[in-house]
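The values are calculated or read from the model by the stated rules, or taken from the named source; none is laboratory data. Model, not experiment: these values are computed from the prediction. FYI the Cβ positions are ideal-geometry reconstructions off the backbone, even for glycines, and counts take in every protein chain you see.
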């Protein structure tokens with residue numbers, strides 16, 4: 001009996017520890033860091049991502065606060081996501097200025113043949129493992145130049161990339177309410193100058209969740225857009241009283257489209273799963289060969305079955321996606337890639353297909369993201385055409401006065417320099 005109780009107690013402790021880890025709501029602070037005297041004089045940037053906030057939602061669903069903010073600053077007709085138009089690849093493209101195949105985060109789930117391991121966004125251990133991430137995120141760039149940074153969530157902010165995390169950061173969880181999160185950001189900006197972060201990331205998942213679950217034009221999505229709109233209004237009001245030179249960039253990672261949930265694509269019969277590792281997805285499917293001799297015969301059979309999707313060998317993927325074999329710096333794109341045609345999605349038997357999806361061709365209008373900017377660094381009443389999201393990185397570096405190696409990123413300052421005050 002004692003043995004059974006001891007075993008049960010051990011299991012209970014392990015289960016409790018896992019639950020605490022999964023919902024870590026504590027602020028993490030890296031000690032011993034200070035802004036240099038030079039960096040204390042710099043302005044501030046709050047980079048806000050509203051996941052799935054398609055380029056047209058503010059107008060379609062009357063996000064009045066965001067409409068006012070962009071009218072007083074800068075708005076782009078749209079921001080083009082990197083391919084694939086998925087959450088993790090695009091958040092990391094924005095924060096590194098590199099296309100996904102260039103920075104290593106090629107999908108929400110993918111396989112690394114050199115590691116012999118699978119990365120999935122739901123695997124907390126992998127998400128916090130810096131070896132999955134290439135490039136230099138903006139918070140790393142800032143910290144390397146003795147400018148403090150903070151993150152209230154962002155892809156890869158939990159990993160010590162190049163040995164560096166933001167000075168202040170949170171492990172992603174859904175337990176901290178928006179009012180508390182806003183209060184934390186305000187508190188950060190009330191710290192003494194030597195401890196005050198000048199670059200802050202802030203992430204809002206609500207619109208993406210509603211679109212996935214209920215569809216783009218659902219009441220729930222309208223409500224989520226209004227929630228985000230009110231949250232940004234609360235945030236700016238709270239910070240305005242501090243009289244600091246704070247610049248806001250509000251953007252999204254991708255758009256969203258309503259898909260055909262009734263006529264989905266099964267895994268093609270041409271694929272022998274004994275020969276390939278296939279991470280689960282409803283969108284693009286990567287086929288990683290266990291047996292390389294199977295690649296070409298499988299590809300040829302798939303070309304015959306090619307209906308509702310396109311199939312590519314790694315060296316045939318369209319160049320405009322910056323995703324083919326010559327762009328795959330980390331060797332993480334599949335040997336064969338299957339790409340569904342809108343409104344089709346793959347169904348590998350993993351459960352009910354939700355009505356809202358993204359991940360399609362980044363030229364598709366429904367995949368377009370949002371970009372607004374306002375604050376003392378930006379021009380007023382200024383509209384620009386659509387642009388690729390990799391160009392946000394050099395823009396933020398310019399506003400903060402951070403030095404970076406221009407040939408080490410894909411983004412170019414000249415694209416967004418015109419939105420800055422001279």
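What the table below lists for this structure:
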quantity	calculated
Qualifying residue in segment 195-206 (condition: within 28 Å of residue 391 (Cβ to Cβ), part of a helix (DSSP H, G or I) and under 19 Å from the mean Cα position of the chain (by Cα))	yes
For residue 381: the one exception among (1) surrounded by 15 or more Cβ atoms within 10 Å (Cβ to Cβ); (2) in contact with a helix residue (DSSP H, G or I) (Cβ under 8 Å, 6 or more places away or on another chain)	(1)
Residues that are surrounded by 22 or more Cβ atoms within 10 Å (Cβ to Cβ), outside any strand (DSSP E or B) and in contact with a strand residue (DSSP E or B) (Cβ under 6 Å, 6 or more places away or on another chain), drawn from segment 72-122	73, 81
Residue tally, condition without any contact (Cβ under 8 Å) to a residue 24 or more places away in the chain and farther than 24 Å from residue 55 by Cβ, over segment 388-422	4
Pairs, first in a strand (DSSP E or B) in segment 360-384, second surrounded by fewer than 17 Cβ atoms within 10 Å (Cβ to Cβ), C-beta under 6 Å, six or more apart	374/72
Conditions (1) buried (at least 20 other Cβ atoms within 10 Å of the Cβ); (2) within 19 Å of residue 273 (Cβ to Cβ); (3) without any contact (Cβ under 8 Å) to a residue 24 or more places away in the chain; number of the one not met by residue 317	(2)
Extreme residue, farthest from residue 287 (Cα to Cα), among residues of segment 305-314 that are out of contact with any helix residue (DSSP H, G or I) (no Cβ under 8 Å at 6 or more places or on another chain) and touching a residue at least 24 places away in the same chain (Cβ under 8 Å)	308
Residue among 111, 119, 83 that is in the same structural domain as residue 163 (by TED's automatic domain parsing) and farther than 20 Å from residue 398 by Cβ	83
Inter-residue pairs, beta-carbon under 9 Å, first not assigned by TED's automatic domain parsing to the domain that holds residue 42 and in segment 177-194, second part of a helix (DSSP H, G or I), 6+ apart	none
Among (1) assigned to a loop (DSSP other than H, G, I, E, B); (2) in contact (Cβ under 8 Å) with a residue 12 or more places away in the chain; (3) surrounded by fewer than 20 Cβ atoms within 10 Å (Cβ to Cβ); (4) outside the structural domain of residue 78 (by TED's automatic domain parsing) - the single one residue 326 does not satisfy	(2)
Residue match in segment 21-28 (condition: under 24 Å from residue 356 (Cα atoms), under 20 Å from the mean Cα position of the chain (by Cα) and either touching a residue at least 12 places away in the same chain (Cβ under 8 Å) or surrounded by 15 or more Cβ atoms within 10 Å (Cβ to Cβ) (or both))	no
Conditions (1) closer than 23 Å to residue 137 by Cα; (2) crowded, with 21+ Cβ neighbours inside 10 Å; number of the one not met by residue 413	(2)
Only one of 349, 411 that is outside any strand (DSSP E or B), out of contact with any strand residue (DSSP E or B) (no Cβ under 6 Å at 6 or more places or on another chain) and at positive phi	349
Some residue of segment 144-157 being surrounded by fewer than 22 Cβ atoms within 10 Å (Cβ to Cβ), on the phi < 0 side of the Ramachandran plot and outside any strand (DSSP E or B)	yes
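Residue-by-condition table, conditions (1) outside the structural domain of residue 221 (by TED's automatic domain parsing); (2) on the phi > 0 side of the Ramachandran plot; (3) surrounded by fewer than 21 Cβ atoms within 10 Å (Cβ to Cβ); (4) without any contact (Cβ under 8 Å) to a residue 12 or more places away in the chain:
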site: 294; (1), (2), (3), (4): yes, no, yes, no
site: 297; (1), (2), (3), (4): yes, no, yes, yes
site: 303; (1), (2), (3), (4): yes, no, yes, yes
site: 331; (1), (2), (3), (4): yes, yes, yes, no
